[in-house]
Every structure is written in structure tokens, then in C-alpha cells.
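The values are calculated or read from the model by the stated rules, or taken from the named source; none is laboratory data. Keep in mind the model is a prediction, meaning the values are calculated, not measured. Cβ: placed from backbone, ideal geometry, glycine included. Neighbour counts: every protein chain shown.
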Amino acid sequence: MASPSKAAASEAHVGKKKKKPPARYWQEPREEEKDGNKVGKDEGRTESALQQEQHTKLKPRKRKQEEAGSDGKEFISGKSDPFPGPAPIPEDRVQKFKRKEKTKMPRPKHRKLRDMIVRSDEASEMAQKQAARLDLLLPEDAGFLEGDEDEDTCTISQEDIADAVDITSGAKYFNLKLSQFGPYRLDYSKTGRHLLLGGRRGHVACIDWQSKQLMCEINVMESVNDVKWLHSETMYAVAQKKWLHIYDSNGIELHCIRKFNDVLRMQFLPYHFLLATASATSFLQYLDVSVGKEVAAICTKTGRLDVMCQNPHNAIIHLGHPNGTVTLWSPNQKEALVKMLCHQGGVRSVAVDKTGTYMVTSGMDKKVKVYDIRTFKPLKSYFLPAGASCLSLSHRGLLSAATGDIVQVYKDVWSSD
């Protein structure tokens, strides 16, 4: 048994320290113990200064982004915009499109009227600036070749034009020397990127003319009358000597349609998925390329059909005949919609503009005539010394007429001036 003196000595031990409990992860360390050694430094600071310093330590990145956003001239990356604000507009161009003077403000009691006038002036000023910006593009001066006073445009070569224009436009110029299997028929895809060539002696080739990459090149060992792209760049139709053939972009034959024989000209209707063909036996036939079946076969009873074009506005087929007439056809009717006597001799070429308003024809009488399809009346008549064997209309209304190895371009062919 322990003596009472020893027990009292163990209880009355003065210098013994209490043991701290172990730290747990769910218990946060006390700020008093953590910052105990910093008490002397923070004595002279106020409470607001300490809170501000703590705020800057917690969110330095957000503070930096707010400062950059409030300035407006710096990005998140820290770089400043060398050209701040909208692009300047010349004052003379702004004055060119000025609509009205600023409206005088009414009395202060008419608040609604004042707000309406302010909004109207702001809209007018914005429209004036937008018109001045668009005027810088000068769209009305594009698409023509104009020579000097004593210069004839026929002396300007394609190389001279390619050297004079910018690099992007000069890259569009290319030259293909195809002197072995001609003459050639060509067709561009709907996107304008792919070119299809078909030579009379059987040469067929597909080219991506922008990258100058040859997609395929074959020789069908038979005369080729016409070539035409279908709904995409993966398939095209070739009107050969006997039948109509369908090929893919690799030159592999997909179909041989024997119902379409002796085809001379073709037109593809992209919004109807119809391939219209005109044959030497006076038949106009329509092929549905989605199912591969014949939709209509119309006997025109007008002889050999070697002049054909379509109206891009309503997909009506225009046919030119040796007796000088031009007929308009639809697959829904067996008879011609319209018959027009256009020339005293045979019709050599027909072209229709993109709006479907004007039709241009050339005939054996060496005349080029312009018709208004809405009224079926002639508007203009031009005489060419050698005639025009082929006509084509651009989207800007320019007319190109081929005479042998010469191509002449005309503008304003249907204007009243």
C-alpha cells in the first residue's frame, strides 16, 4: 500500500504540462496558434487594411481580369489592341449617304417624343455608316475588262491579266493543252470547283481545278457527244455514240442505260434530280437519277436535236431546231409549251439568264437576238459578221459569243440604252 506522502507528491507536481490532443482532419487549425508569431507585426495595422490584404491574396487572378475588362484596351492575355474601336470611315463617304439633319428636340415635358427622336437619329446614323462601309467594296466596278483610249482589248492576253491582278485571282488562271482528242465539251459542278472534260474521240477527265489535281482520266474508246455532272461530284453522265453511261469520280462505269440512245445534248435539273437528254432521233427524255428510271419520253417531231439549254429559274427545257424555231418543254406535257420563230435559218445556240427573264439565241442568219420570255417578244437584234456558234450568259449579265477560235464578250445586251 502506497504511503500518503508519495500520493500527495505525485498530485502536487507543478512543472508538468498537459499533453495536446492529436489533430484531426475535420478540425481546422486555430488562427490564433497559426498567426501567433505575427502578432507583433500586425499591431500597427488597422482591421480594414488586413481585410483588403486578405482579399487580394485570395483572388488575384479575378482582380486582374476585372481590371483588364474595365480598361477595354487589353485582352485576357495581357496584350493591348493596336487598333482599338471600329475602323475609321472617310468623312466624304459618310456625307455621301447622309439622309437628314438632326431633329430639334421638343420641350422637356415630351419625354416619349424625345426618346423616339433619339432612337430615330441613332438608327439613321448607323445606317449611314454601314452604307459608307459597303461603298468601300465597290461591287459595281467588278467583272469588266476596260482598255485605254487607243488600246484594243483583243491584244490583252490571259498572261497579262494574271500578272496585273492580285495573287488570289491570278491563281485561278490555268491553261490546258488538249490537242489530240478534241473538240471538247466541258461542264463545271454546282460548287464550281470540279471540271469535267469530254473529247469527241473518247477522252474523259475530271479535274479539281483549284488544286490542279486530276481525279480520273479514261478513254471510253467511243465518240463522246456530251458530258454532264449529276447531283454531286461523285457521279457524272457521258453521252456516248450508242448509249448513255454513268461513271463515278474514279472512272468506274456504274450504269449503261440503253433506253437513252443516240444522245447529243444533256441538261441536269438539280432541284428535281432529273437528267434531260436530247437525241438525234428527235426524242426528249427525262431520267430520274435517284431511282434510275425513265420519267418521260417525248417525241418532238422536229428532227435532230443538237441545241439545248435549261431555264435555271423554272427548269423548263429550251430546244433549238433547224427550221429556226425554239420550243419550250416540260415533262408533264407531251406537246410544246411555247413555239417561237426566232431566226430565218437554223438555230445554233440558246442561252437563258439566271433570273429566267431573258433568252439569247443565235442562228444561221448570223444574228444574235434577245427575247423577253415573259412576253415572248424580241428586245434586241445584233448582226455578227461570222455568226455565233455558242452562247453563254454569266451571273453578272455578260454575254460571251464564240466565233471559231475567238470569244467575244458583250455587256448590257438587253438594256434599253
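So the values come out like this:
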| item | result |
| --- | --- |
| Scan of the stretch 381-406 for residues that are surrounded by 15 or more Cβ atoms within 10 Å (Cβ to Cβ), farther than 14 Å from Ala351 by Cβ and out of contact with any Lys or Arg (no Cβ under 7 Å at 6 or more places or on another chain), ordered by number | Thr403 |
| The stretch 156-190: number of residues that are at pLDDT below 90 and aromatic (Phe, Trp, Tyr) | 2 |
| Near pairs, Cβ below 8 angstrom, 6+ apart or cross-chain, from the stretch 161-179 (at negative phi) to any residue that is part of a loop (DSSP other than H, G, I, E, B) | Ile161/Leu145; Ile161/Tyr173; Ala162/Tyr173; Lys172/Gln210; Phe174/Trp209; Phe174/Lys212 |
| Meets criteria (aliphatic (A, V, I, L, M), in contact with a Gly (Cβ under 9 Å, 6 or more places away or on another chain) and either surrounded by fewer than 14 Cβ atoms within 10 Å (Cβ to Cβ) or within 24 Å of Arg193 (Cα to Cα) (or both)) for Val238 | yes |
| Cross-chain or 6+ apart pairs with Cβ under 7 Å, the stretch 297-309 first and farther than 26 Å from Tyr358 by Cα and free of Cβ contacts under 8 Å to residues at least 60 places away in the same chain, then of a type in the set (S, T, N, Q) and in a strand (DSSP E or B) | Ala297/Gln285 |
| Residue check for Gly251: among the small types (Gly, Ala, Ser) and either crowded, with 19+ Cβ neighbours inside 10 Å or under 21 Å from Lys190 (Cβ atoms) (or both) | yes |
| Only one of Cys216, Cys154 that is surrounded by 11 or more Cβ atoms within 10 Å (Cβ to Cβ) and either within 30 Å of Glu91 (Cβ to Cβ) or among the hydrophobic types (A, V, I, L, M, F, W, C) (or both) | Cys216 |
| Filter result for Arg193 (touching a Pro at 6+ places or on another chain (Cβ under 8 Å) and at pLDDT 90 or above) | no |
| Boolean, Lys354 is under 27 Å from the mean Cα position of the chain (by Cα) and charged (D, E, K, R) | yes |
| Residue pairs meeting the criteria (Cβ under 9 Å; at least 6 apart or on separate chains; first closer than 15 Å to Asp135 by Cα, in the stretch 93-113; second assigned to a loop (DSSP other than H, G, I, E, B)) | Arg93/Leu136 |
| Number of positions in the stretch 230-285 that are within 19 Å of His318 (Cβ to Cβ) and among the hydrophobic types (A, V, I, L, M, F, W, C) | 13 |
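Listed here are the residues, each with its yes/no results for (1) under 16 Å from Leu284 (Cα atoms); (2) among the basic types (Lys, Arg); (3) more than 31 Å from the chain's Cα centre (by Cα).
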position	(1), (2), (3)
Arg304	yes, yes, yes
His321	yes, no, yes
Glu335	yes, no, yes
Val338	yes, no, yes
Phe376	no, no, yes
